[in-house]
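Please treat every number below as a calculation from the coordinates, not as lab data. Bear in mind that the values here come from a model prediction, so they are computed numbers and not experimental data. No Cβ is skipped: glycine too gets one built from the backbone with ideal geometry, and neighbour counts run over all protein chains shown.
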Amino acid sequence: MAVRCRPDQAELVLAELTVLAPGGVEESHGTGFVEYAIYGAEGELPDLGQVEAATGDGLVAVDSSEVPADWSERWRAFHRPLEVVAAEGGTAIWLRPPWEPRRDDALEVVIDPGQAFGTGAHPTTRLSLELLLGLYDEPASDGVGTVRGALTDLGCGSGVLAIAAARLGFSPVTGFDHDRAAISAAIDNAAANRVEATFRRLDLRRGLPDLAPLTLANLTAPLLELVAAQIDRPGRPDRMICSGLLEGERGRVVDAFAGPGLAEREFRALEGWGALLLEAA
Ligand SMILES: C[S@@+](CC[C@H](N)C(=O)[O-])C[C@H]1O[C@@H](n2cnc3c(N)ncnc32)[C@H](O)[C@@H]1O
């Protein structure tokens, strides 16, 4: 079963679906919509009346279909390898699922998506990685080496951003997600990539962890606003990379982070999605 909604309703729909489908949902994003897939045998799928009541006209479509027998092959074909670079000539990351061949001439990150979000191919992940690589390629203020240090990843999914950061030398790296499947996939992926990173379950709506000087947050605009509202000025990160917003949501996210004193330094967009690099003003 697939439930499609407007991006501004995604948090609400996910909250309702989490209760109705405790086995978990698979999230994917398209232009102007977010889709949640729920797998289950006939008769096991939830009644969506409650979600419809909660979202009013926010649900775009609900579709039930039988999954074809070759779905796992088709799912693999969807997760393609990808090279990410901030600017021509900069450091490149080669992201690939485990079943694709390795490349010895690149900094590799191998991600098995499991049931969690992300092999890195999604525009929001890609934009986050580009901004991270941009910071990595920047000379340190003393002119020697690259700025690296502690890093927090809010909404870590399958761990792709945290693991890429650890591969680049950021340390310690800690990722948080409310989804049990995400934490378990992230821990497995960190081990497969032989990097040190810690992953913990946390619902960002219930509070924030201590934030490292560089904090990544690939979430949605409403959740980013909620995160911004919870940041104390004294404990604020020096820099944040915020992704998961739509291009048109840039203004409201920038306004939200002005509260704790973080200002826009760079904005990148891809396929209707946007990502911000924010810096302590
Ligand atoms: C867009 S995905 C990003 C995943 C990964 N960081 C990436 O870039 O591919 C957003 C993640 O945030 C998590 N998330 C959503 N709401 C959350 C909440 N209230 N608390 C913690 N994590 C949440 C989701 O489970 C999902 O893994």
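Both radii are taken from the alpha-carbon atoms of region 137-281; with Rh as the Kirkwood radius, Rg/Rh is 0.96. Basic side chains Lys and Arg get +1 at the Cβ, acidic Asp and Glu get -1 at the Cβ, and with that the dipole of region 73-280 about its Cα centre reaches some 500 debye. Computed from phi, the 3J(HN,Hα) profile of region 266-271 under the Karplus parametrisation 6.51, -1.76, 1.60 (θ = phi - 60°) reads 8, 10, 10, 9, 8, 6 Hz, with x in place of Gly and Pro. Residues L132, L278, L246 in ascending order of nearby Cβ atoms (within 10 Å, fewest first): L246, L132, L278. Of the residues L129, A258, A185, the one whose Cα sits farthest towards the positive end of the charge dipole of region 73-280 is A185 (charges of +1 on Lys and Arg Cβ, -1 on Asp and Glu Cβ, taken about the Cα centre).
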